[in-house]
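What follows is a single structure, written as structure tokens, with notes after it.
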Amino acid sequence: MFRATIDAYLLRDSVEILSVLVDEIRLRTSSDGISVKAVDPANVAMVTFNLDSSAFDDFEADESEIGLDLTKISDILGVADKNDKVSMELNENSQNMSINIGSFSYTLSLLDPSTIRSEPKIPQLELPAEIILNGTDLRRAVKAAEKISDHMLLGVNDDVFYMEAEGDTDKVRLDLARDQLIDLKPDDVRSLFSLDYLSDIVKPASKSNEVVLEIGQDFPIKINFEIANGTGKVGYLLAPRIESE
Amino acid sequence: MGVDIGDLLHKKEVEIPNLSNKTVAIDAYNTLYQFLSIIRQRDGTPLQDSKGRTTSHLSGILYRITNLVEEDIKPVFVFDGKPPDFKTETLEKRKQSRENANQKWNEAKKKGLTEEAYKYAQGSARIDDQILDDAKYLLDSMGIPYLQSPSEGEAQAAHMVQKGDADYVGSQDYDALLFGAPHVIRNLTITGKRKIPGKNTYIELKPETIDMEENLESLGVTHSKLIDIALCVGTDYNKGLEKIGPKRALKLVKAHDDIKSILNETGQKIENVDKIKDFFMNPEVTDDYQLKWNRPDKDKIIQFLCEEHDFSEERVAKACDRLDSKLGSHQKTLDQWF
């Protein structure tokens, strides 16, 4: 069983976080809250998402797995105002979910979870450098990079975290020293990432005051942040590109 | 080679562009035989380097597989492992017929009979360790994955399609169906104009797919009964029953409960029949493989094909560039960190 009420904007943010990588999810429910692990079809990036039951106004659930079409939910949320509440209830016998927003009531048909790509294993990575910064700074750097290239270098050198993009003719670089960051665990590392992915991931991250980046040498990057006043946790993992000679 | 049930099966011609992004588990031995027997000069001599070493298979792998990759088809080569012990007799016979063909080829060449020579030359094609090693080395340099099956390659390929790791088994034979392959594709590596053996005419070969479920349904048999049909007409592991072709075999199988009662009625014997049937139903396969297409190593390919085997550097370099434009993506995937 699954019955919950949540702020519309929080549900919308959650859908946005996941739909960066996938269209369909296996939503895990338990008495503690909800969680999703998903990997994009090209195996380049994955997301782990947890939302504690305390993020909801009302929450009651047992261990279960629900198959959801994110596009449909996002369409439904189109009618919601920022301050609306969304209440959801699973109708287990008919394999659908009732969703109520204000005076709207929807019946959303569910997907058979077994038809959705199974949850990825989470690789255990030791990433030497850790940077904590404001989400807005990250987003600004990515936006600047998008203008001139399709990939971007993220690295740490001598207590400075840098983001650099080089196009065919132009180059942009943002240096953030320790005092411009919230925290820095330095190590001499750098990895290159596709902006196709990075800009989509950074968009939801930019709403957070504290984004934690973990970087290695030509290794995947971890991008972690919290939502809903710390009751929700989001972790992205993005595979690097190979630097061409 | 292979089981002769093709006449019973419904095949669908398919256009190459419709295969884009499909993964094909290619029966490596079958495909290497195709290359070795087809890619030859007019008198039947295979392509050779200046030291007289055969290079037909290398040419086939480089150019034909590059063509597939260029169409966004993802090939993975599946090599045979240890054959089941009841295959020994078949393998021995094949060896004899190859030696026989080799002798006749030489005779025909001496007499200047080009047509005959070509025919016998094709029959003399053989795969040795050197050919296998060269093929694997080239595939690896090209960034094409390959794997070694514990037993028959077709069984492993069928398993990969069942698991959903591949979309088709690529083979000219129908044996993969006996091993339970849901989808088989033929003619993939030999598409284009093909000379009809013994005649001076050419036909256009297009890839064709065979859907197992569809065929079982239209034949009105189960997978197990399809194997019984194969046992009647003869497989790689047994001689067929006397005077029984595919159509009669189908009738027999439908009229009887199992292969045993067919044998009883016809008064014939198939050696190891239980073992063979069980082998088709539950072949030894492995889940220990990784399908990863890598960037081709142009220098390595050129060194191997041009310096060692006298290929034209200009043509090889072009093929490498075509390959690289598909497999040369700079984006890594997460799988390598699992």
Which of the residues that make up segment B:294-338 are more than 12 Å from chain A (Cβ to nearest Cβ), under 25 Å from the mean Cα position of the chain (by Cα) and open to solvent by 40 Å² or more (accessible area, probe 1.4 Å)? B:ARG322, B:LYS326
Okay, helices (runs of 4 or more DSSP H) sitting entirely in segment B:52-158 with 3 or more residues that are open to solvent by 50 Å² or more (accessible area, probe 1.4 Å), I get B:88-111, B:114-123, B:129-142
Has segment A:94-113 got at least one residue that is within 14 Å of chain B (Cβ to nearest Cβ) and assigned to a strand (DSSP E or B)? no
Which one of these is farther than 30 Å from A:ALA239 by Cα, open to solvent by 40 Å² or more (accessible area, probe 1.4 Å), away from every other protein chain (no Cβ under 14 Å) and touching a strand residue (DSSP E or B) at 6+ places or on another chain (Cβ under 8 Å): B:ASN282, B:ASN272? B:ASN272
When residues of segment B:159-181 are limited to those that are open to solvent by less than 40 Å² (accessible area, probe 1.4 Å) and assigned to a loop (DSSP other than H, G, I, E, B), the one farthest from B:VAL3 (Cα to Cα): B:ALA166
Can you find, within segment A:114-135, the residue that is farthest from A:ILE215 (Cα to Cα) among those that are within 14 Å of chain B (Cβ to nearest Cβ) and crowded, with 17+ Cβ neighbours inside 10 Å? A:ILE116
Suppose we filter A:LYS233, A:LYS203 for residues that are within 20 Å of A:VAL39 (Cα to Cα) and out of contact with any strand residue (DSSP E or B) (no Cβ under 9 Å at 6 or more places or on another chain); which single one remains? A:LYS203
Would you please name the residue that is surrounded by the most Cβ atoms within 10 Å (Cβ to Cβ), looking only at residues in segment A:220-245 that are within 11 Å of chain B (Cβ to nearest Cβ) and of a type in the set (Gly, Ala, Ser)? A:ALA239
Only one residue in A:ILE116, A:ILE99 is touching a residue at least 12 places away in the same chain (Cβ under 8 Å), of a type in the set (A, V, I, L, M, F, W, C) and more than 29 Å from A:PRO220 (Cα to Cα). Which one? A:ILE99
Taking the criterion of being open to solvent by 80 Å² or more (accessible area, probe 1.4 Å) and within 14 Å of chain B (Cβ to nearest Cβ), would at least one residue in segment A:170-192 satisfy it? no
Would you be able to say whether some residue in segment A:136-157 is part of a strand (DSSP E or B), farther than 29 Å from A:SER19 by Cβ, open to solvent by 10 Å² or more (accessible area, probe 1.4 Å) and within 14 Å of another protein chain (Cβ to nearest Cβ)? no
Examine segment B:256-263 for a residue that is at pLDDT 85 or above, surrounded by fewer than 15 Cβ atoms within 10 Å (Cβ to Cβ), charged (D, E, K, R) and under 20 Å from B:ASP175 (Cβ atoms), and state whether such a residue exists. no
Being within 14 Å of another protein chain (Cβ to nearest Cβ) and touching a residue at least 40 places away in the same chain (Cβ under 8 Å) narrows it down to one residue among A:MET1, A:MET46; which is it? A:MET46
In segment A:216-245, anything outside any loop (DSSP other than H, G, I, E, B) and over 17 Å from the mean Cα position of the chain (by Cα) is listed as A:ARG241
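The values are calculated or read from the model by the stated rules, or taken from the named source; none is laboratory data. Only a predicted model underlies this, so the values are computations on that prediction, with no experimental measurement involved. No Cβ is skipped: glycine too gets one built from the backbone with ideal geometry, and neighbour counts run over all protein chains shown. Side chains included, ligands, DNA and RNA excluded: accessible areas come from the protein's heavy atoms. Shrake-Rupley method; radii C 1.70, N 1.55, O 1.52, S 1.80 Å.
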